[in-house]
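Enquirer: Dropping a structure here in structure tokens format, bear with me for questions.
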Amino acid sequence: MVFSSHLFLFYFLTASLALYYLSPRWLKHLTLTAVSCVFYGWANPLFVVLMFVSTLIDYLCGLAMLGQWRPSMWRSPIPKLPPGAPRTKLQRWVLAISIVSNLSLLGFFKYINFFTFNYTALVESVGLTGMGIEDVLKVTLPLGISFYTFQSMSYTIDVYRGDARAIRNPIDYWCYVAMFPQLVAGPIVRFKEIADQLRERTHTIEKFTRGIAFLGLGLGKKILLANPCGKVADMAFDAGSIGYLDSWVGAVAYAFQIYFDFSAYSDMAIGLGLMMGFMFAKNFDSPYLSQSITEFWRRWHLSLSNWLRDNLYFPLGGNRKGTVRTYINLALVMLLGGLWHGASWNFVIWGAIHGLMLILERLGGKKAFYGRLPGFAKVAITFVIVCFAWVFFRATDLPTAVQYCGSMLGLTTPQPGAGLIGGLIYQPYYTVSMLLAAIVVWFCPQTWDFTRKITWTKALCNSALVKRQSTLLSE
């Protein structure tokens, strides 16, 4: 079930909000958890079981870290670990159990197929035909496991660091991990960012109204911009042979698609959260206005960037252990960040490209090598680099990505008939959609800023937008 579906918007969301607001205060988290399990288990109920196992491990680890495993101790207020104070051996072991358990679950379900495929290819390349295991062991990847694993893991990390108190009520904790607005596509909500809201939050008309605006604008990004740009990208990347100009149009189309797709789901998640009293953090900050790759990662997918910075880059030593170690840390973080997105060598290369650019900019004092150019030129060059890297993110496999990059660089000769792709991607509908996408990317205010104050004009525009989307969904 996806946010932009007729089923979600007109049935599930309506029923969920009705149940949530009809529930008494003490029952709201249980209600939200229940509807979230229905949402997540719609495709496969076994996914809920796996999420429950991950949730249970971290919930128990949070209590054990504070010595709260006996119910007789639950009558006293739950303590908070002092930040910066030494931790006991038990607390360090409990944190290790939480991290290893989460990463093991994530590693098995997300990367086992990648491992078996490469193992089979390796043994067959040396003549050991029949020794592969690719056809014997195949695992279905649970939806959203990358997001809720990092989110659940942030709970024990924040409790260990003393950034937040542990949760005693298991329903409250399961609600934090499972709430459907951010479950499948993020943003990654850190526990310390929402701990106080789980204990006390307000439900106001202002929040609900802003939430509707977020939801409507997110749907607009998804249906009116991401989907048509995605069609252009699909036609370009599936063409097999493509000309120089057409390949760049396809890459730009995919850059628009992934931004509007991802930021749309973040907007809708923030909007749905507001409708239930929660305030999630901003996840995108006009990333294609960046004047360097360093700036790009301060604007793109902020919840993941901040998570990797605080829980991987800093623990590895950050920039505190010398220049060489800083470069190694940057490379490791970006390589692992690439693997987090998917189990493929393409994602590793995508992460390596961004890691290399970050290192080169660090050599120049966190400035791009084109830093002396005018602002618009720096934005354009950064966007070109990002588009080139997106090829590895979008292509189905490494040979396809290499061939497509060759087309973008003018290093390949298009096959006869390759020019026919232009008749498909330059249709008026797609051309107008691409132009609108460019205008929104570089000249329009962000959803976060646009919805700060809802005026009658904005409300009418949003209503017209929602009506148009409803028409498209019902067709």
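The values are calculated or read from the model by the stated rules, or taken from the named source; none is laboratory data. All figures in this text were calculated on a predicted structure; none of them were measured in a lab. No Cβ is skipped: glycine too gets one built from the backbone with ideal geometry, and neighbour counts run over all protein chains shown.
Enquirer: Looking at (1) over 17 Å from Ser4 (Cα atoms); (2) assigned by TED's automatic domain parsing to the domain that holds Gly423; (3) surrounded by 17 or more Cβ atoms within 10 Å (Cβ to Cβ); (4) hydrophobic (A, V, I, L, M, F, W, C), which is the one condition that is false for Leu224?
Expert: Condition not satisfied by Leu224: (1).
Enquirer: While we're here: Among the candidates Tyr259, Tyr288, which residue alone is buried (at least 24 other Cβ atoms within 10 Å of the Cβ) and either in contact with a Lys or Arg (Cβ under 9 Å, 6 or more places away or on another chain) or of a type outside the set (Gly, Ala, Ser) (or both)? Outline the logic, then answer.
Expert: On the way: Tyr288 fails: buried (at least 24 other Cβ atoms within 10 Å of the Cβ).
Going through Tyr259, Tyr288 in turn, the sole match is Tyr259.
Enquirer: What's the number of the condition Thr457 fails, among (1) part of a helix (DSSP H, G or I); (2) in contact (Cβ under 8 Å) with a residue 24 or more places away in the chain?
Expert: The number of the failed condition is (2).
Enquirer: Within region 6-63, which residues are small (Gly, Ala, Ser) and either part of a helix (DSSP H, G or I) or modelled with pLDDT of 95 or more (or both)? Walk me through how you get there before you give the answer.
Expert: We begin by selecting, within region 6-63, every residue small (Gly, Ala, Ser); these are 15-16, 18, 23, 34, 36, 41, 43, 54, 62.
Correct list: Ala15, Ser16, Ala18, Ala34, Ser36, Ser54, Gly62.
Enquirer: Which of the residues spanning region 314-340 are under 23 Å from Leu105 (Cβ atoms), crowded, with 16+ Cβ neighbours inside 10 Å and not hydrophobic (A, V, I, L, M, F, W, C)?
Expert: Hits for region 314-340 are Gly337, Gly338.
Enquirer: Something else about it: Of the residues Gly338, Gly322, Gly318, only one is outside the structural domain of Ile381 (by TED's automatic domain parsing), modelled with pLDDT under 95, more than 30 Å from Leu32 (Cα to Cα) and within 13 Å of the chain's Cα centre (by Cα); which?
Expert: Working: Gly322 fails: within 13 Å of the chain's Cα centre (by Cα); Gly318 fails: within 13 Å of the chain's Cα centre (by Cα).
Selected residue: Gly338, the only one of Gly338, Gly322, Gly318 that is outside the structural domain of Ile381 (by TED's automatic domain parsing), modelled with pLDDT under 95, more than 30 Å from Leu32 (Cα to Cα) and within 13 Å of the chain's Cα centre (by Cα).
Enquirer: Which residues, taken from region 68-110, are at pLDDT below 85, among the hydroxyl-bearing types (Ser, Thr, Tyr) and not in a loop (DSSP other than H, G, I, E, B)?
Expert: Ser72
Enquirer: Which of the residues belonging to region 298-318 are out of contact with any Lys or Arg (no Cβ under 9 Å at 6 or more places or on another chain) and among the aromatic types (Phe, Trp, Tyr)? Spell out how you get there, then give the answer.
Expert: Narrowing region 298-318 to residues out of contact with any Lys or Arg (no Cβ under 9 Å at 6 or more places or on another chain): 298-301, 304, 308-309, 311-313, 315.
Scanning region 298-318 gives Trp300, Tyr313.
Enquirer: Here's a follow-up. Output the qualifying pairs, or none if there are none: Cβ atoms under 8 angstrom, residues six or more apart or on different chains, first residue in region 231-242 and assigned by TED's automatic domain parsing to the domain that holds Ser433, second residue crowded, with 16+ Cβ neighbours inside 10 Å and of a type in the set (Asp, Glu).
Expert: Partner pairs satisfying both residue conditions: Ala236/Asp246; Ala239/Asp246.
Enquirer: Can you tell which of Trp345, Trp350, Trp448 is farther than 15 Å from Ile293 by Cβ, surrounded by 12 or more Cβ atoms within 10 Å (Cβ to Cβ), outside the structural domain of Gly240 (by TED's automatic domain parsing) and under 24 Å from the mean Cα position of the chain (by Cα)?
Expert: Working: Trp350 fails: farther than 15 Å from Ile293 by Cβ; Trp448 fails: outside the structural domain of Gly240 (by TED's automatic domain parsing).
The match here is Trp345.
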